[in-house]
Amino acid sequence: MSRKTNGGLFDGLPGEDQPQPLAEGAAHLRGFASAATDGLIAALRRVAEVASFRHMVTPGGYRMSVAMTNCGPVGWVSDPSGYRYDASDPETGQPWPPMPAEFLDLARQAAAAAGFEKFEPDCCLVNRYEPGAKLSLHQDKDERDFAAPIVSVSLGLPAVFLWGGLKRSDRPRRIRLENGDVVVWGGPSRLVYHGIAPLADGEHPATGRCRVNLTFRKAR
Ligand code: MD6
Ligand code: FE
């Protein structure tokens, strides 16, 4: 697998290819998925043909600026009655498309690289951000148990990831996520508040005018 280098002087030294710890149980793997992005995007196109991107409505009645879809045995859904994992797509009544092998392989490898062996995700929530779209600070807490980590893969336009603490009032750090970056978190960081700042406009060769995020979870 080809990896990004520092371009000469510092190649081969520990540095940007190493997991960057964010907190206990959480790591930023810069460029971990770089070599896989074309395959991931091709597989995602096939997923979105079956389960199209849609703007869900929050329990509070707001339309989310991020468009979402899912693949795998269960999908995350939001509607006025609440958040839940559901085995079928409410738009079609059909099961979510299966998780592509490329997705599963990458999620397992990234989890292992961050110290979480035997990750068995049953959901991949896909988020699509157009310029201006954002995700407010939240915890991922709709899963049945918090023993498994979450693996998050960034594709396309860069974004500013807001990495907070265990309290909503903890002031978040701002971390730039680029095409091919992976963030893994679990253990003591599993319930950290996090979000995405409004996406800056731009054009990316892999995705066009958007950012896509794949988040792998074990929901059940
Ligand atoms: C995003 N990610 O990167 C939104 N949640 O677009 C998340 O909300 C997220 O990246 C849990 C774990 C990792 C994540
Ligand atoms: Fe999240």
Hey, VAL182 under 25 Å from THR58 (Cα atoms) and within 16 Å of ligand 2 (Cβ to nearest atom) or not
no
Go through (1) of a type outside the set (D, E, K, R); (2) near ligand 1 (Cβ under 10 Å from one of its atoms); (3) crowded, with 16+ Cβ neighbours inside 10 Å; (4) under 13 Å from the mean Cα position of the chain (by Cα) one by one and return the number of the condition GLY180 breaks.
(2)
So ALA111 clears everything in (1) assigned to a loop (DSSP other than H, G, I, E, B); (2) more than 10 Å from ligand 1 (Cβ to nearest atom) except one condition, right? Which one?
(1)
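Taking the criterion of being closer than 25 Å to ARG108 by Cβ, in contact (Cβ under 8 Å) with a residue 24 or more places away in the chain, hydroxyl-bearing (Ser, Thr, Tyr) and assigned to a strand (DSSP E or B), would at least one residue in the stretch 181-190 satisfy it? Talk me through it step by step, then tell me what you get.
Here is the first cut: in the stretch 181-190, the ones closer than 25 Å to ARG108 by Cβ are 181-190.
Filter again for in contact (Cβ under 8 Å) with a residue 24 or more places away in the chain, leaving 181-190.
In the following step, the residues that additionally are hydroxyl-bearing (Ser, Thr, Tyr) were identified as 189.
Next cut, assigned to a strand (DSSP E or B) only: none.
Checked against the condition, which is being closer than 25 Å to ARG108 by Cβ, in contact (Cβ under 8 Å) with a residue 24 or more places away in the chain, hydroxyl-bearing (Ser, Thr, Tyr) and assigned to a strand (DSSP E or B), the stretch 181-190 yields no hits at all.
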Just for the stretch 24-41: of the residues that are touching a helix residue (DSSP H, G or I) at 6+ places or on another chain (Cβ under 8 Å) and part of a helix (DSSP H, G or I), which one is farthest from THR69 (Cα to Cα)?
ALA36
For the stretch 134-174, name all the residues that are surrounded by fewer than 20 Cβ atoms within 10 Å (Cβ to Cβ) and more than 15 Å from ligand 2 (Cβ to nearest atom).
ARG144, ASP145, ALA147, PRO158, LYS167, SER169, ASP170, ARG171, ARG173, ARG174
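Every number here is computed from the coordinates shown, using simple stated rules; none is lab data. Treat the numbers as computed from the prediction; the structure is a model and nothing was measured. Don't worry about glycine lacking a Cβ; one is built from the backbone with ideal geometry, like all the others, and counts go over all protein chains shown.
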